[in-house]
Each structure stands twice: as structure tokens, then as C-alpha cells.
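Following: one structure in C-alpha cells, then a few remarks.
The values are calculated or read from the model by the stated rules, or taken from the named source; none is laboratory data. Everything numeric in this text was worked out from a predicted model, so none of it was measured. Note: ideal-geometry Cβ built from the backbone for every residue, glycine included; neighbour counts use all protein chains shown. Just so you know, the surface numbers come from the protein's heavy atoms only, side chains and all, with ligands and any DNA or RNA stripped out. Shrake-Rupley method; radii C 1.70, N 1.55, O 1.52, S 1.80 Å.
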Amino acid sequence: LKLIWDDLKYVTEAVDKRLDYTVAEAISTGTITITADNNPDGIVVGTIELEMPAENKINASTDWSDAANSKPITDITNLVNGAYAKGKTFAKMLIDNTAFLQFMQSKEVKDTVGTFFGLSAAARNSQTAPLTSDRINEYMTAAKLPIFEIVDIRVPIEKDGNVSILQPFKAANIAFIP
């Protein structure tokens, strides 16, 4: 009975992970790709465009990896204000941990969130400024901005007996969720 149950559990989880993969990729890119790399034992159809409107794809004013010059809070505020003018609101932002760490390293974020929590200039400018996702989300809530939800979806794909781990949520993108 255990042998059958373990197989059933494995097969069910595989389907769930495939759905997680597809949804995360669709939300973060507006496309779904089905290739030999992510679907080695199935069909290969390439990239399926989900017809996300071009106005829904907005770039940051400066890449967030540029901690000294990027303005992520300003970028988010501008996007939220633009959406609000069109009658749209957002409750949260889905973000990959790598992009969130870049957000946290931004001088603008350290200064803004650090000041909000009464941190000294030395603490705000420290490489190890005491910013956490909880503190940042507390600030975002107070500023009437959507909160962050870190997406960490990793899907194992087996090909010829070798397992590789794929991350379907594109690290460079943020998805704003109503």
C-alpha cells in the first residue's frame, strides 16, 4: 500500500509543480514556453504569447542593480499612480528574491525606509542596514503602496535520469497583483 501511495503522491505533486511552473512563468513574463528543456518527455511548442498589453510592461528608470542611482520606490510609486489614474489598484507585488535583495540595497530604499523607522544616517548607509522584508512591507503599507511577496518557485525537471532545477519566475520582473 505504501508503494502505491508514494507513487500516487509523486505523480500528483509532479502535476502540481508543472502547473506552478506554468503560472509563475505566465505571470512574470506574459508568455509560456514549452521546450525540450522544461518538458523533456512531452510536446515542444516553443513560446506561447499570452497577449499581455505593451503598456503593462514597464521598465525601471534605472536598473535596480545600480544601488547608488536606482529609484525603486519612485518607480513603484509612479507605476501605482499611473494605474490608479486608470482606475486600477494593486494589493501586492510578486518579486524574485534576487530582485528584492537589489531593491533592499538601493540608496533610495535605505534612506526612505530607514528614515521611516528612525534609523541614524550611519545605520541607513551601512552595507548591513537593518532592513527586513517585514519592515519594508510595513513602510509600503503606510505609504499606501502594494506590499512585496517573494516568489521562490523551483521545479525539478528530470531528463535522461538527471534532475535540474528550473525557476520559472523571471528574476528581473515584478508582477503587480490586484
With 5 Å bins from 0: P(r) over the stretch 1-76, alpha-carbon pairs, percent: 3, 12, 13, 14, 13, 13, 11, 8, 5, 3, 2, 1, 0
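Accessible area per residue, 1.4 Å probe, Å², for the stretch 25-145: what's the number? Walk me through the intermediate numbers first.
Values: 6930 Å² over 121 residues.
Solvent-accessible surface per residue comes out at 57 Å².
Could you tell me what percent of the DSSP beta bridges with both partners in the chain are antiparallel, to the nearest 5?
Numbers: 13 of 18 bridges.
Of the beta bridges lying entirely in the chain, close to 70 percent run antiparallel.
With a 1.4 Å probe and every protein chain kept in, tell me what percent of the accessible surface of the stretch 1-87 is carbon plus sulfur. It would help to have the intermediate numbers written out before the result.
Working: 3550 of 6080 Å².
Result for the stretch 1-87: 58 percent of the exposed heavy-atom area is carbon or sulfur.
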Dipole of the stretch 10-83, positive end: most advanced residue of 60, 15, 44 [Cβ charges, Cα centre]: 60
Pairwise Lys count, the stretch 1-121 - Cα closer than 29 Å, eight or more residues apart or different chains: 19
Accessible area (Å², 1.4 Å probe, nearest 10) - residue 149: 80 Å²
Principal-axis tilt of helix 2-29 within the chain, Cα atoms, nearest 10 degrees: 50 degrees
Cα principal axis extents for the stretch 50-93, largest first, Å: 33, 22, 16
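Any chance you could tell me what percent of the C-alpha pair distances in the stretch 14-153 go past 28 Å? Present the calculation step by step, with values, prior to reporting the outcome.
On the way: 2971 of 9730 pairs.
Taking all Cα-Cα pairs of the stretch 14-153, the fraction more than 28 Å apart is 31 percent.
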Acute angle (nearest 10 degrees) that the helix 107-116 long axis makes with the longest principal axis of the chain, alpha-carbon atoms: 70 degrees
Linear extension gain, residue 7 paired with residue 144, 0.36 nm per residue minus alpha-carbon span: 44.6 nm
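Please return the longest stretch of the chain lacking exposed loop sites, where trypsin sites (Lys or Arg not before Pro) count only if DSSP places them in a loop and at most 10 other Cβ atoms lie within 10 Å.
Numbers: sites that count: 57, 86, 144.
Between the exposed loop sites, the longest stretch runs 87-143.
Placing +1 at every Lys and Arg Cβ and -1 at every Asp and Glu Cβ, with all other atoms neutral, what dipole size does the chain have around its Cα centre, in debye to the nearest 20? Walk me through the numbers on the way to the answer.
Values: 17 positive and 23 negative charges, 142 e Å.
Computed charge dipole of the chain: roughly 680 debye.
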